[in-house]
Amino acid sequence: MEYSSDGQRVQVKGSPTAAEKRVIESYVGFRVHLGFDPNTVILRKRQENNWCYGLASWPAGTEMIPGPREAPMSLTSLLDWSLVLRDREWADWKAAHGEVFARSS
């Protein structure tokens, strides 16, 4: 499954819930809003509340983070972690889109 808008692409592997799909759609909107460089983000749902993240542009090496032996992360927790350098903008975005994130943590 792929979500895309204005050059931002997110490939999703696994079966997200309806609430998780709304979070992913909002995440794509956030990337467009801040003008991120085009890059394909890969999100993989391993199990319930166990997501991992990667970028298509990553060279050989780490495929997805967190690794399969690391503590599982919910989708929202994973996105929070991946956007640590944009923490303030991401927190503001989530607050402005509270209806999407209210039940996603």
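Laboratory data are not the source of any read-out in this text; all were calculated from the coordinates shown. No experiment lies behind these values; they were computed from the predicted model shown. Note that we place each Cβ from the backbone using ideal geometry, even for glycine, and neighbour counts take in every protein chain shown.
Taking GluC sites (Glu not before Pro) across the range 1-56, the ones in a DSSP loop with at most 12 further Cβ atoms lying within 10 angstrom of their Cβ are 48. Share of pairwise Cα-Cα distances greater than 20 Å in the chain is 34 percent (whole percent). Report summary: the helix-based calculation at 222 nm, which adds -39500 (n - 2.57) for every DSSP H run with n ≥ 4 and divides by the residues of the chain, gives -11000 deg cm²/dmol. Close amide-amide hydrogen proximity is noted between residue 39 and 9, each under 5 Å apart and 5 or more residues distant or on a separate chain (H modeled in the peptide plane; Pro and chain starts excluded).
Toward the positive end of the charge dipole of the range 2-101, with +1 on the Cβ of Lys and Arg and -1 on the Cβ of Asp and Glu, the farthest Cα among 34, 77, 49 is that of 49.
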